[in-house]
Amino acid sequence: MAAVIDTLRLTAEGAKDLLKRGELTGAELRAAYLDAIAERDGELHCFLRTADSDGDGVPIALKDVISTKGVETTAGSRILDGYVPVFDATVAARVKAAGLGLLGKTNTDEFAMGSSTENSAYGPSRNPWDPARVPGGSGGGSAAAVTAGLAPWALGSDTGGSIKQPSALCGNVGLRPTYGSVSRYGVVAFASSLDQVGPVAKTVRDVALLYSIIAGRDPLDSTTAELPEAVRLPEGDSLAGVRVGVPTELNEAEGIEPGVREAVQRAIEFAEELGAEVGECSLPRSVRYGMPCYYLIAPAEASSNLARYDGVRFGKRAEGASYQEMVDRTRDEGFGPEPKRRIMLGTYALSSGYYDAFYGQAQKVRTLIIEEHREALERFDVLVSPTSPTVAFKIGERAADPLAMYASDLLTIPSCLAGLPGLSIPCGLSAGLPVGLQLIGPQFGENLLFRVGHALEQALGFDIVPERWR
Ligand code: GLN
């Protein structure tokens with residue numbers, strides 16, 4: 001029988017092999033993760049709740065924006081307190097159909113609005129490398145859970161960086177897939193033209209495996225498409241013939257820490273040694289206008305999506321003498337400060353008289369950002385940059401300053417606006433904390449990202465176990 005299972009090191013692929021060879025049962029594997037949760041989640045608070053489940057494959061954790069039948073789903077908000085979906089999101093149904101039992105639901109900034117999980121109504125998660133620091137966000141619970149060995153893999157959702165940035169800050173691998181490759185059906189909507197669900201895991205191969213389970217057309221989400229080619233699990237370490245573009249603006253943006261820059265530079269040198277052709281390119285509008293553009297479009301869509309929370313159909317309801325008073329009080333008590341801020345911003349940007357000046361203008365800028373990515377990706381196969389300008393920051397450090405918090409996504413937002421896939425892999429440490437490398441590919445270029453990410457992962461040899469647990 002199996003020896004002690006080291007969930008800090010075991011990959012999903014490794015676990016799958018142990019199951020296949022009969023060296024481990026699904027129940028034993030699940031018990032090992034529940035033990036790890038009992039041991040370490042008191043400190044880290046990755047899970048909002050664990051779940052009973054009967055899958056006998058490699059179990060999974062799901063960000064709490066993903067509807068799970070019979071399991072409470074709050075999106076990190078008080079307004080959904082007690083809401084138990086009567087159906088599964090398509091991604092939840094797909095992982096279940098593949099035999100992946102649900103370990104539990106992971107913490108998130110309220111409605112996925114944030115970069116640290118400090119906006120969760122249920123308290124922040126902590127970074128496994130240093131519990132005084134944030135794990136990133138909004139999917140900090142999923143990312144921290146994977147690094148801490150509380151789940152072999154997890155799903156997150158990414159609107160402007162919520163998979164890639166927490167993976168970078170926690171030192172693991174996260175994929176934001178091409179917009180339209182993964183179903184959003186049953187995923188609590190934030191900004192529908194940007195939201196995508198994607199995998200978080202310890203290795204690029206695990207991420208590719210999980211992506212193959214969730215991706216593809218879903219009749220319940222008309223924005224999804226069939227993948228143009230099957231997902232390939234990456235092998236080998238040659239990057240011969242791969243053209244790697246280094247966008248100047250994404251690599252020299254103000255606020256990138258020197259240690260982050262050095263780790264990314266080293267990864268680029270590795271890419272060259274593995275045979276890639278490396279060259280500079282430019283995304284002049286992306287860094288300058290990406291953030292303002294995102295912070296008009298995302299709140300505008302959020303203000304419309306969040307209008308459904310009225311105390312009638314989902315979750316919490318406050319008492320009121322009239323219908324209007326009930327709705328007002330439900331929203332006042334149910335939404336935290338960040339959703340309120342975004343609802344107000346978004347409503348303003350969409351209001352008549354301002355629509356053209358704000359929302360309309362942002363849509364035009366978005367088109368320019370799409371075009372400049374397309375041009376860069378004609379010359380290069382993938383683009384690289386840091387995922388986050390900084391390593392994990394301290395809990396509380398940016399909580400009172402929305403703009404400082406927003407800056408965390410400066411480098412992830414542009415390719416999200418362009419609908420392109422992005423992979424974050426750990427590429428080194430700065431001041432003892434993980435640095436993420438962002439790889440951006442063309443639409444449906446996931447296989448290419450996996451190939452490049454896997455080759456670099458082998459070359460870099462990053463140790464995914466936080467130093468304090470080695
Ligand atoms: N941090 C960004 C925001 O607050 C992105 C969040 C996300 O991708 N869900 O909007």
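Please verify whether segment 138-154 includes one or more residues that are at pLDDT 95 or above, within 13 Å of the ligand (Cβ to nearest atom), in a loop (DSSP other than H, G, I, E, B) and open to solvent by less than 10 Å² (accessible area, probe 1.4 Å).
Within segment 138-154, one or more residues are at pLDDT 95 or above, within 13 Å of the ligand (Cβ to nearest atom), in a loop (DSSP other than H, G, I, E, B) and open to solvent by less than 10 Å² (accessible area, probe 1.4 Å).
Return the total of residues in segment 301-315 being in a helix (DSSP H, G or I) and either open to solvent by 10 Å² or more (accessible area, probe 1.4 Å) or within 12 Å of the ligand (Cβ to nearest atom) (or both).
Initially, segment 301-315 is screened for residues in a helix (DSSP H, G or I), giving 301-308.
Then drop every residue that is not either open to solvent by 10 Å² or more (accessible area, probe 1.4 Å) or within 12 Å of the ligand (Cβ to nearest atom) (or both), which leaves 301-305, 307-308.
So the answer is 7.
Give ARG232, ARG266, ARG285 a once-over and let me know the one that is more than 16 Å from the ligand (Cβ to nearest atom), open to solvent by 30 Å² or more (accessible area, probe 1.4 Å) and assigned to a loop (DSSP other than H, G, I, E, B).
Details: ARG266 fails: assigned to a loop (DSSP other than H, G, I, E, B); ARG285 fails: assigned to a loop (DSSP other than H, G, I, E, B).
So the residue among ARG232, ARG266, ARG285 that is more than 16 Å from the ligand (Cβ to nearest atom), open to solvent by 30 Å² or more (accessible area, probe 1.4 Å) and assigned to a loop (DSSP other than H, G, I, E, B) is ARG232.
Would you tally the residues in segment 167-201 being under 30 Å from LEU429 (Cα atoms) and in contact with a strand residue (DSSP E or B) (Cβ under 7 Å, 6 or more places away or on another chain)?
Residues meeting the conditions: 18.
Within the group ALA399, ALA362, which residue is surrounded by fewer than 23 Cβ atoms within 10 Å (Cβ to Cβ) and within 25 Å of SER282 (Cα to Cα)?
ALA362
Within segment 156-174, track down each residue that is more than 13 Å from the ligand (Cβ to nearest atom) and either of a type in the set (S, T, N, Q) or in a strand (DSSP E or B) (or both). Walk me through how you get there before you give the answer.
First, pick out the residues of segment 156-174 that are more than 13 Å from the ligand (Cβ to nearest atom): 170-173.
Answer for segment 156-174, where residues must be more than 13 Å from the ligand (Cβ to nearest atom) and either of a type in the set (S, T, N, Q) or in a strand (DSSP E or B) (or both): ASN172, VAL173.
Here's a check for you: in segment 288-300, which residue that is under 15 Å from PRO414 (Cβ atoms) and crowded, with 21+ Cβ neighbours inside 10 Å is nearest to the ligand (Cβ to nearest atom)? Can you show your working first?
As a first pass, look at segment 288-300 and keep what is under 15 Å from PRO414 (Cβ atoms): 288-298.
Then drop every residue that is not crowded, with 21+ Cβ neighbours inside 10 Å, which leaves 290, 293-298.
Numbers: GLY290: 12, CYS293: 12, TYR294: 7, TYR295: 8, LEU296: 12, ILE297: 10, ALA298: 5 Å.
Checking each candidate, the answer is ALA298.
Does ASP401 satisfy being farther than 30 Å from THR223 by Cα, without any contact (Cβ under 8 Å) to a residue 60 or more places away in the chain and away from the ligand (no atom under 16 Å from the Cβ)?
No; evaluated as a whole, the condition is false for this residue.
If a residue must be in a loop (DSSP other than H, G, I, E, B) and surrounded by fewer than 23 Cβ atoms within 10 Å (Cβ to Cβ), how many such residues does segment 46-79 contain? Working first, answer last.
Here is the first cut: in segment 46-79, the ones in a loop (DSSP other than H, G, I, E, B) are 46, 51-59, 64-65, 67, 69-70, 72-77.
Filter once more, so that each one left must be surrounded by fewer than 23 Cβ atoms within 10 Å (Cβ to Cβ): 51-57, 69-70, 72.
Residues that pass the stated criteria total 10.
If we only count strands (runs of 3 or more DSSP E) wholly inside segment 345-460, which ones have 3 or more residues that are more than 22 Å from GLY290 (Cβ to Cβ)? Step through it out loud before you land on a result.
Values: elements: 382-386, 422-430, 433-440.
Strands (runs of 3 or more DSSP E) meeting the threshold: 422-430.
The values are calculated or read from the model by the stated rules, or taken from the named source; none is laboratory data. Worth saying up front: this structure is predicted, and the values here are computed from it rather than measured. Don't worry about glycine lacking a Cβ; one is built from the backbone with ideal geometry, like all the others, and counts go over all protein chains shown. Heads up: the accessible areas ignore ligands, DNA and RNA and are worked out on the full protein's heavy atoms, side chains in. Shrake-Rupley method; radii C 1.70, N 1.55, O 1.52, S 1.80 Å.
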